[in-house]
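To start, the structure under review is shown below, and the notes come after it.
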Amino acid sequence: MNYWLFPYWTHVFVNQSNLGQVANMYAYVAFLFVILTYGMETGYFRFASRENNKATVFSSVFYLISITSVLFLIAVIGLRNPIAKALQLEGYAVYIVMMGITVAFDVVSTIPFAKLRLEHRPIRFAVIKFVNIGTNILLNLFFLTLCPYLAQQFPGGLIDNVYRPEFGIGYVFLANMVATLVTFVMLIPHMQLKIDFDFALMRRMLKYSFPILIVGITGMVNQNIDKILLPMMLPDSAEPMKQLGIYAAAFKMAVILNMFIQAFRFAFEPFFFSQKGGDNDKAMYVIVMKYFAIFGMIIFLGLSTFIDLFKVIVAPQYREGIGIVPIVLLANLFMGIYFTLSLWYKITDKTKYGAYQGIIGSVITIAINVLLIPVMGYYASAWAILACFVSMTLISYFSGKKHYDVPYKVKNFLFYLFVALILFGVYWFVRTDSEPYFWLAILVNVIFVALIVVKEKHEILTLIKK
């Protein structure tokens, strides 16, 4: 539901540059979030799963994260004007303060959320997440739709006391901040803090988590540096913020695959750390990877071939970027596969390999963006993400075979990928902007799903019986 806010914003912000500024701000926020958590969420999973005193692990991590978050917030408030000027938001320093508060409380909330995941409490986790999402969406609707309507219908009325049209995209940041604070309050009963801080434990955790921080930063480079580089690399004549707004809107059309990957990541990481790493577990990882990839490819093919149906969710002035959607979908598929593959270095405590892989991916991403954005515009950014995650997937697979060999069914995966790409190519060869041929989209998707069912029916029936 949070993802759907972006298509909604395309209808609210007629000027694509406004949405470009939102995307630009959230790209920086993503980097800050990773830096301020410095890999401690994964570190918490690792140590809380193995240490006898889980309460001490939680309290120590929570206190450390809270201290650094408070220091960050103080710095943001003090430097709000220079930061606003650097982000082309001069005169709107309040935006910077609101996002600083949002980031600080979001970061502190990650550890209580991780605790709920480790304790296998998905219902409570989901309830709090839904309250966060619901608050954010309702406030967006209130400030960006209801308030303008009331101000137009009843000029000079009470609504003028709470709504200022010139505040613009600030209402996006305000809604996010309030939702984050509500979430933090709901998490307080689950913190159960002790007056306990284990310095020796923290040194071990920081040593373990530092490479994860590098992985996180490089991950943000791979997923968000394009939204920072596009305004920098495009000439003013190309209206860079406008191009970024169009690119960001198209990027969000991959929403369903992103949600699938995010849900999988929430569930799989604590599950992974709870296993012992034996041969039976490796067999389970093979099954998990296989069906994750299959469902991912079904979503990729479905969204890519029904893109003319999905594109109506964004306003017409944002639809010219539709061509990047299949590229981004495929990149996201490989991102999910890479995440599943790469957990080998976490469970074997060889997190430095994750850092190496992330650095290589970041070099690829930055190089393609810097070299090709002036030539290809935002298409360069889409191809950069795909090249990055395909490369990282290959590196992680071959590295994993040396250190924690899992007999993944690579030929099976390549077969389905080849078929999906062929069917996608057939559809896009026939399709035109004026004639989307939905009957052909239905046909290629039915063929693909039918092939999977026929080929995997015995294994599927066995899994269902178990």
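Karplus-based coupling profile of segment 213-222, in residue order and whole Hz: 4, 4, 4, x, 5, 5, x, 5, 4, 5, with θ = phi - 60° in 6.51 cos²θ - 1.76 cosθ + 1.60 and x standing for Gly or Pro.
Take the alpha carbon atoms of segment 304-377, find their center, do the same for segment 69-114, and report the distance between the two centers in whole angstrom. Using only Cα atoms to place each centre, the spacing works out to 27 Å. Going Cα to Cα from Lys352, which aspartates and glutamates come in below 14 Å? Please leave out same-chain ones fewer than 8 positions away. Counting by Cα, and skipping residues close in sequence, Lys352 has no aspartates and glutamates nearby. For segment 356-460, the tally of Lys pairs with Cα-Cα distances below 25 Å comes to 7, considering only residues 8 or more apart or on different chains.
By the count of other C-beta atoms within 10 Å, a proxy for reagent exposure, Phe199, Phe266, Phe389 are ordered fewest to most as Phe199, Phe266, Phe389. For segment 137-145, 3J(HN,Hα) computed residue by residue from phi via the Karplus equation (6.51, -1.76, 1.60; θ = phi - 60°) reads 5, 4, 5, 4, 5, 5, 7, 9, 10 Hz, glycine and proline entered as x. Lysine pair count for segment 193-256 (Cα-Cα distance under 30 Å; residues 8 or more apart in sequence or on different chains): 4. Straight-line cross-link partners of Lys129 among the aspartates and glutamates, defined as a Cα under 20 Å from its Cα and at least 8 positions apart when in the same chain: Glu41, Asp106, Glu119, Glu269. Exposure proxy ranking for Asp226, Asp160, based on other Cβ atoms within 10 angstrom of each Cβ and starting from the fewest, stands as Asp160, Asp226.
Karplus-derived 3J(HN,Hα) values for segment 410-425, using 6.51 cos²θ - 1.76 cosθ + 1.60 with θ = phi - 60°, are 5, 4, 4, 4, 5, 4, 5, 5, 4, 5, 4, 5, 5, 5, 4, x Hz; glycine and proline are entered as x. Considering all different alpha carbon pairs of segment 84-195, the Kirkwood hydrodynamic radius works out to 15.9 Å.
FYI, it's all coordinate maths here, none of it is from the lab. For clarity, every value in this text was computed on a predicted model and none was experimentally measured. A quick note on method: Cβ atoms are made from the backbone with ideal geometry, for glycine too, and the neighbour counts reach across all protein chains shown.
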